[in-house]
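Asks: Just dropping this structure here.
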Amino acid sequence: MANTIATTHDSLHPTLEHPHVHDEHVVLPQHRHHFETENQQREAGSFGMWLFLLTEIMFFGGLFFAYLLYRNWYYPAFASASNQLSVPLGAFNTVILISSGFCMALGVYYAEVRQKTMLVAMLILTTFFGVVFLGVKGVEYHEKWEKHHIPGSSFDISEFVNPPIDAKTGKATEEPLAPDMAQKTQVFFFLYFAMTGMHALHMIIGIAVLGWLTWRAHRFEFSNGYVAPIENFGLYWHFVDIVWLFLFPLLYLINRHPLK
Amino acid sequence: MSTSTTTILNLPDQATATLPKRNYLNAEHGLLSWLFTGDHKRIAMLYLFSITFFFFIGGAFAGLIRLELLTPQPDLVASDTYNKFFTMHGIIMIFLFLVPSVPATLGNFLIPIMLGAKDLAFPKINLLSWYLYMAGGTFTLAALVLGGVDTGWTFTTPLSTHYLNTHVITAATAIFIAGFSSIFTGLNFIVTIHRMRAPGMTWFRMPLFVWSNYAASILMVLGTPVLAIAIVLVALERTIGIGVFDPTKGGDPLLFQHLFWFYSHPAVYIMILPGMGVISEVISTFSRKRVFGYTAVAFSSVAIALFGFFVWAHHMFIMGVSNYSALVFSLLTMLVAVPSAIKIFNWAFTLQKGSLTFETPMLYAFGFMGLFTIGGLTGVFLGSLGMDIHLTETYFIVAHFHFVMVGGMLMAFLAGVHFWWPKMTGRMYPESLSKLAAVTTFIGFNLTFLPQFILGYLGMPRRYHSYPQEFQVLNVLSTAGATVLGVGYLLPMIYLGWSLKYGAIAGNNPWQATGLEWQIQSPPLTENFLVTPIMDHEAYDYEWLAHKTEQEVTTVG
């Protein structure tokens, strides 16, 4: 057992005092002393981020589980209620979110090729699309507020019991629901607000982090090959996109049906 | 210190020995250097003190519960106060003691050293998780001071959302925050184990303590977020009155049960698995043998973690799940006994023909094996559908989970603290006192909880603060046992505290153990290793240890 566990050494923190050579690479100032190599540091960070996103999947998973359960039980209520959501607005937001994801991916690329100006521009664009998404979401929420479709004491089921008559065809625009089933539309709207609200909360946090990253990028912090924060945030942002790509069909699309 | 031939204590000469001049404890000074530390060992010590603090608060409530149950009449407190007692006891013990105890203290301290790393992968997140733990603890204390919670630790809806006017939201916030603390700890461990192993430290050279913490970390990372979302929904239902669990609005209280137990049953394994890791280390060291069937023991940890996710509904047999799913969950529940039994049998084979010595950690480990076996076997009773219907919500359940979690986890925690105390502090504790504490704990524990099996079988329900006269003898026995148990817990507090200043110098490897942590100085340096170690032998290789020359064992001083 040669050169084993520990030998005498005078300096306690060799890596803290002066940057020195590791594996013939110059050590970046962002290198943390407890990692052997920069590659190890980068891999650890990225692996940690993936694990964190796994916990996020489980977090949203509880809500998806609830949705699955109640959609089976109260199918008519969920169908009627989901017809209240605006597919054009949802589709528009989907495009917006994919655009922001595209800009973020480009941002990671420009960080890797060390183009600071383009990186900052892409981060700002990502932020812009994120804000637009939240704005549209706000419009949608406001519409639910006006129609008394927010669960609670002022929730109004009249539209589901007596659906409005279409002027052209003279028929009801929606299957009428029995009052007790119409009550169950509250469960749909609660899940709608819980799931999209949780998603929006993730976006708000993401936009705050984007601001911080943009400021750091502006200060040339990601222009020397140290791109881990940009890469890891990119993973987070794409995760938020993907959650929406499940939410959109689940809430807006799959229960829609042509009226007989 | 004992000088008998049976002991393997290998202590430095008392007259000349001193602690190493440089170590993680004296690397920096002042309170702030502790509160802003990134050193996993210092964070482990922060956890050790705060977890001990909460343990004694939780223990005080246990004492109050047993005091009330001394007599059949409800003469100490009113029923709602009693409900608050057992709720606070449950919340504190589960979320602030049992879940974090071994991973956050011993795991934090040892996992990087056992792998030959300088620190955990994310020291700042590690510190953050301690702050989250403290914030969770503060909210729990706030709920207590503001007037308490009486839902029981399970927050069962619709009781928690509609019928109680106590501080459910404060307590829910506490659990939400503390949950993130354990998510981050688990995440940090998994990344460290995957990415920070020293050269030669292959997966199957890792100590079993690392394996078991790895399995527990998977459970923390996957299970805790589901608890978090269930708790958020309870809070929303209470505040805004949404109806996701409320049957009058179309919701289903059973959904809460599913979400809650999806975390909270695996949480039992989050509690017990790291404890099993401790027992593997202790039994190997004091038998001077490699753990029999190392690979089987390693994989059984992962198997317990996996099965743990498929058995949650055995908490719901009498709550209206279908007969078919109850049958399936009953069978799956019994499957967990297989990997658990693999561990117990392999420890028994390790002991067989080993050179056993009976140091304090070994006594606790024997206590663990006995108590956990009883707890595990009674678990099979409860997993059986018919028996469960008779025994559920009685004191049989209370006795069962205390045998598993207190008899298992707490014994393992005490075994681990005694085993690694010389490494953590550089000092020994008085041996006779510590053995006395181990025996007292074991006797007190059995006296407390064995009568509860009988009480439960006879039909005494849990969560009641009064009971028929004929149950009094057994309840008096149980309360007497709790008193003995309390003494058993207080003793280590006293002598371990004493040893911090007056204990004998332990030296690097007082137990002649093989793990990497025993090959460096006690207490270790801030960065653990000056030169990254190269692992060139199997775990628990006592032949390797015997052939190491004296010079190689010597480390910096």
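Asks: Among residues belonging to the range B:241-295 that are within 30 Å of residue A:153 (Cβ to Cβ) and small (Gly, Ala, Ser), point out the one that is surrounded by the most Cβ atoms within 10 Å (Cβ to Cβ).
Replies: Only one residue fits best here, namely B:251.
Asks: From A:56, A:112, A:43, which residue is facing another protein chain (nearest Cβ under 9 Å) and open to solvent by 30 Å² or more (accessible area, probe 1.4 Å)?
Replies: Among A:56, A:112, A:43, only A:43 is facing another protein chain (nearest Cβ under 9 Å) and open to solvent by 30 Å² or more (accessible area, probe 1.4 Å).
Asks: I need every pair where a residue in the range A:104-132 that is on the phi > 0 side of the Ramachandran plot has its Cβ under 9 Å from the Cβ of a residue that is open to solvent by 20 Å² or more (accessible area, probe 1.4 Å), sequence separation at least 6 or different chains.
Replies: Between residues of the range A:104-132 that are on the phi > 0 side of the Ramachandran plot and residues that are open to solvent by 20 Å² or more (accessible area, probe 1.4 Å), the close pairs are A:114/A:223; A:114/A:224; A:114/A:225.
Asks: While we're on this one: Would you point out the residue of the range A:145-173, among those that are free of Cβ contacts under 8 Å to residues at least 12 places away in the same chain, open to solvent by 40 Å² or more (accessible area, probe 1.4 Å) and within 14 Å of another protein chain (Cβ to nearest Cβ), that is nearest to the chain's Cα centre (by Cα)?
Replies: Selected residue: A:145.
Asks: If you don't mind, another one. Can you name the helices (runs of 4 or more DSSP H) wholly within the range B:358-412 that have at least 3 residues being under 20 Å from residue B:286 (Cα atoms) and open to solvent by 10 Å² or more (accessible area, probe 1.4 Å)?
Replies: Helices (runs of 4 or more DSSP H) meeting the threshold: B:360-383.
Asks: I'm trying to understand the selection: among the residues of the range B:285-320, which are assigned to a loop (DSSP other than H, G, I, E, B) and farther than 30 Å from residue B:353 by Cα?
Replies: Listed by number, the residues that qualify are B:309, B:310, B:311, B:317, B:318, B:319, B:320.
Asks: Filter the range B:191-219 down to residues that are open to solvent by less than 10 Å² (accessible area, probe 1.4 Å) and within 17 Å of residue A:49 (Cβ to Cβ), then give me how many there are.
Replies: 5
Asks: Next question. Scan the range B:344-361 and give yes if some residue there is within 30 Å of residue B:258 (Cβ to Cβ) and of a type outside the set (D, E, K, R), otherwise no.
Replies: Within the range B:344-361, none of the residues are within 30 Å of residue B:258 (Cβ to Cβ) and of a type outside the set (D, E, K, R).
Asks: Just checking, does the range B:142-161 include any residue being under 19 Å from residue B:53 (Cα atoms), open to solvent by less than 40 Å² (accessible area, probe 1.4 Å) and either in contact with a Gly (Cβ under 8 Å, 6 or more places away or on another chain) or part of a helix (DSSP H, G or I) (or both)?
Replies: Checking the range B:142-161: at least one residue is under 19 Å from residue B:53 (Cα atoms), open to solvent by less than 40 Å² (accessible area, probe 1.4 Å) and either in contact with a Gly (Cβ under 8 Å, 6 or more places away or on another chain) or part of a helix (DSSP H, G or I) (or both).
Asks: OK, next. What's the number of the condition residue A:197 fails, among (1) within 14 Å of chain B (Cβ to nearest Cβ); (2) part of a helix (DSSP H, G or I); (3) touching a residue at least 40 places away in the same chain (Cβ under 8 Å)?
Replies: Among (1) within 14 Å of chain B (Cβ to nearest Cβ); (2) part of a helix (DSSP H, G or I); (3) touching a residue at least 40 places away in the same chain (Cβ under 8 Å), residue A:197 violates only (3).
Asks: Modelled with pLDDT of 90 or more and exposed (fewer than 13 other Cβ atoms within 10 Å of the Cβ): does that describe residue A:142?
Replies: Yes.
Asks: For the range B:31-47, what are the residues that are free of Cβ contacts under 8 Å to residues at least 60 places away in the same chain and under 19 Å from residue B:184 (Cα atoms)?
Replies: B:35, B:42
Asks: While we're looking at this one, here's another question. Residue B:104 - would you say it is buried (at least 23 other Cβ atoms within 10 Å of the Cβ) and part of a loop (DSSP other than H, G, I, E, B)?
Replies: no
Asks: If you check every pair at least six apart or on different chains, which have Cβ atoms under 9 Å apart with a residue in the range B:311-329 that is within 15 Å of residue B:252 (Cα to Cα) first and a residue that is aromatic (Phe, Trp, Tyr) second?
Replies: From residues that are within 15 Å of residue B:252 (Cα to Cα), the pairs are B:316/B:261; B:316/B:329; B:321/B:329.
Asks: Of all residues in the range B:177-190, count the ones that are surrounded by 21 or more Cβ atoms within 10 Å (Cβ to Cβ) and more than 8 Å from chain A (Cβ to nearest Cβ).
Replies: 9
Asks: If you take the residues of the range B:522-548 that are outside any loop (DSSP other than H, G, I, E, B) and at the interface with chain A (Cβ under 9 Å from one of its Cβ atoms), which of them is surrounded by the fewest Cβ atoms within 10 Å (Cβ to Cβ)?
Replies: In this case the residue turns out to be B:547.
Asks: Please enumerate the residues belonging to the range B:481-521 that are more than 12 Å from every other protein chain (Cβ to nearest Cβ), among the hydroxyl-bearing types (Ser, Thr, Tyr) and more than 30 Å from residue B:399 (Cβ to Cβ).
Replies: The answer is B:499, B:502.
The values are calculated or read from the model by the stated rules, or taken from the named source; none is laboratory data. In this text, all values refer to a predicted model and were calculated from it rather than measured experimentally. Here Cβ is always computed from backbone atoms with ideal geometry, including for glycine, and neighbour counts include all displayed protein chains. The area values use the complete protein model at the heavy-atom level, side chains included, leaving out ligands, DNA and RNA. Shrake-Rupley method; radii C 1.70, N 1.55, O 1.52, S 1.80 Å.
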